[in-house]
Each structure stands twice: as C-alpha cells, then as structure tokens.
Amino acid sequence: MAGLKTNVNTVWYGNIKGNGRIKADHLQTQIAIPELFGGSGEGANPMEILVSAAVACYTSTLTSTLETHQLPVAGLIMDSEATKSEEGMRIVHFPQVVLTADATEEQVQSAKEAIVTADQNCFVGNMLIKGGVQIEVKGKASLNSEADVIRQYVKEHGLDSV
C-alpha cells in the first residue's frame, strides 16, 4: 500500500443542527450529527462512514482474492451490521459469493476459503481491530440460480440507483 493517498474536502453549514458535505475523488455525500447527539440527522453520520470504509475494503479484498483463485464469480452481495455499546464497537459482515451455475463443488469451497482470507487481509478492518473494534464475518458461497439472487438483492435494497 505504499504511496496510497486520499484527499477529502469538507464543508459544514450552521451549528450542531446543521449539516455538511464531504467529497473525495469517488465519494460525495451529505454528513450530519445524529439526532441522538442533538444533530439534525440529515446526512451520513461518522459511524455509517466508518462502517462503509470497512465494507468497501472487505469487498475489494474479497473480490481480489476471488480473482486470484480464478473463480467463476457471477457477483457478490453483502449486508453489514455495526453496533456500538458500552463493550465497544462490533461489525458483522454477511457476504454471499454467487458463483456461476457451472461452478464445481471445489470452486464453491475455494470461495468459502476466500471469504475468510479476505477478512484476514483487509487493511481497514485490521486497523479497526487494532483500535478495539470486533469484526466478524458470517459468509456463504452459492451457485447462481434462475432466481438471480444478485438482481433481486439490488432491487430490494435500492442499489440500482446508486
């Protein structure tokens, strides 16, 4: 990762009830302080952005690992959940690697192994773990079916308009 650099620009309007925007090369979103902390809640909050970074890193690492193993990937879908309590912060990823219908059982097993390997190699996740965040992965690998799991997931979660 030598030489990786990211610049983020920020503007904030108003007081605690205000909101702002952040922008990077491939990211632009509105930010706000959560209502729970007296803010407007009309934008992404720091926890959502932190978890999004962990999700993006894990997804990229898993995709790269699957490519290295030359697996016939139809797609990848994932839900992630983060909780913060008195015990600390915990993130659970629920990836599902969907292989093409002609994938072998050996390839399905290799995809399951890639799910674990990606967790171990995700640099953002590893930094968060060093900071005391618990990260768990509960993944699965399956074959693409006529139901087209990926297209259905995209539609259900409104990801087609992102």
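The values are calculated or read from the model by the stated rules, or taken from the named source; none is laboratory data. Note that the structure is predicted; figures quoted are calculated from it, not measured. Neighbour counts run over all protein chains shown; Cβ positions are idealised from the backbone, glycine included. Remember, those area values only see protein heavy atoms, side chains included, never the ligands or the DNA or RNA. Shrake-Rupley method; radii C 1.70, N 1.55, O 1.52, S 1.80 Å.
Tell me whether the range 36-44 contains one or more residues that are within 24 Å of TYR153 (Cβ to Cβ) and in a helix (DSSP H, G or I). Give the steps one after another, and end with the answer.
Initially, the range 36-44 is screened for residues within 24 Å of TYR153 (Cβ to Cβ), giving 44.
Within this subset, residues satisfying the condition of being in a helix (DSSP H, G or I) are none.
There is no residue in the range 36-44 that is within 24 Å of TYR153 (Cβ to Cβ) and in a helix (DSSP H, G or I).
Restricting attention to the range 69-78, report how many residues are surrounded by fewer than 18 Cβ atoms within 10 Å (Cβ to Cβ) and either among the hydroxyl-bearing types (Ser, Thr, Tyr) or part of a loop (DSSP other than H, G, I, E, B) (or both).
Summing the residues that are surrounded by fewer than 18 Cβ atoms within 10 Å (Cβ to Cβ) and either among the hydroxyl-bearing types (Ser, Thr, Tyr) or part of a loop (DSSP other than H, G, I, E, B) (or both) in the range 69-78 gives 3.
Look through GLY132, GLY139 and report the one residue that is at positive phi and not aliphatic (A, V, I, L, M). Let's see the steps before the verdict.
On the way: GLY139 fails: at positive phi.
Step by step, each of GLY132, GLY139 is checked, and only GLY132 is at positive phi and not aliphatic (A, V, I, L, M).
How many residues, within the range 1-53, are open to solvent by 100 Å² or more (accessible area, probe 1.4 Å) and of a type in the set (Phe, Trp, Tyr)?
Summing the residues that are open to solvent by 100 Å² or more (accessible area, probe 1.4 Å) and of a type in the set (Phe, Trp, Tyr) in the range 1-53 gives 2.
Inspect all residues belonging to the range 113-125 and state whether any of them is under 30 Å from PRO46 (Cβ atoms) and in contact with a Lys or Arg (Cβ under 9 Å, 6 or more places away or on another chain).
Within the range 113-125, one or more residues are under 30 Å from PRO46 (Cβ atoms) and in contact with a Lys or Arg (Cβ under 9 Å, 6 or more places away or on another chain).
Looking only at the range 80-89, count how many residues are at pLDDT 95 or above, farther than 20 Å from LYS140 by Cβ and of a type in the set (D, E, K, R).
0
Hey, can you tell me all the residues within the range 81-113 that are open to solvent by less than 40 Å² (accessible area, probe 1.4 Å), out of contact with any helix residue (DSSP H, G or I) (no Cβ under 9 Å at 6 or more places or on another chain) and assigned to a strand (DSSP E or B)?
Step one: of the range 81-113, the residues open to solvent by less than 40 Å² (accessible area, probe 1.4 Å) are 82, 88-89, 91-93, 95-99, 103, 108, 110-111.
Those still in the list that are out of contact with any helix residue (DSSP H, G or I) (no Cβ under 9 Å at 6 or more places or on another chain) too: 88, 92, 108.
Those that are open to solvent by less than 40 Å² (accessible area, probe 1.4 Å), out of contact with any helix residue (DSSP H, G or I) (no Cβ under 9 Å at 6 or more places or on another chain) and assigned to a strand (DSSP E or B): GLY88, VAL92.
Which one is farthest from HIS93 (Cα to Cα), of the residues in the range 136-158 that are aliphatic (A, V, I, L, M) and open to solvent by 30 Å² or more (accessible area, probe 1.4 Å)? Give the steps one after another, and end with the answer.
In the first step, residues of the range 136-158 are kept if they are aliphatic (A, V, I, L, M); the result is 137, 141, 143, 147, 149-150, 154.
Applying the additional criterion that residues be open to solvent by 30 Å² or more (accessible area, probe 1.4 Å) yields 137, 143, 147, 149-150, 154.
Values: VAL137: 5, LEU143: 20, ALA147: 23, VAL149: 18, ILE150: 17, VAL154: 17 Å.
Within the range 136-158, the match that is farthest from HIS93 (Cα to Cα) is ALA147.
Kindly indicate which of LEU66, LEU128 is surrounded by 15 or more Cβ atoms within 10 Å (Cβ to Cβ), under 18 Å from the mean Cα position of the chain (by Cα) and within 17 Å of ALA53 (Cβ to Cβ).
Values: LEU66 fails: within 17 Å of ALA53 (Cβ to Cβ).
Just a single option satisfies the conditions, and that option is LEU128.
Sort out which residues of the range 114-145 are touching a residue at least 12 places away in the same chain (Cβ under 8 Å), within 16 Å of LEU66 (Cα to Cα) and in a helix (DSSP H, G or I), and write them in order of number.
ALA114, ILE115, VAL116, THR117, ALA118, ASP119, ASN121
Consider VAL133 against the criteria (1) modelled with pLDDT of 95 or more; (2) open to solvent by 80 Å² or more (accessible area, probe 1.4 Å): it satisfies all of them except one. Which criterion is unmet?
Result: VAL133 fails condition (2) only.
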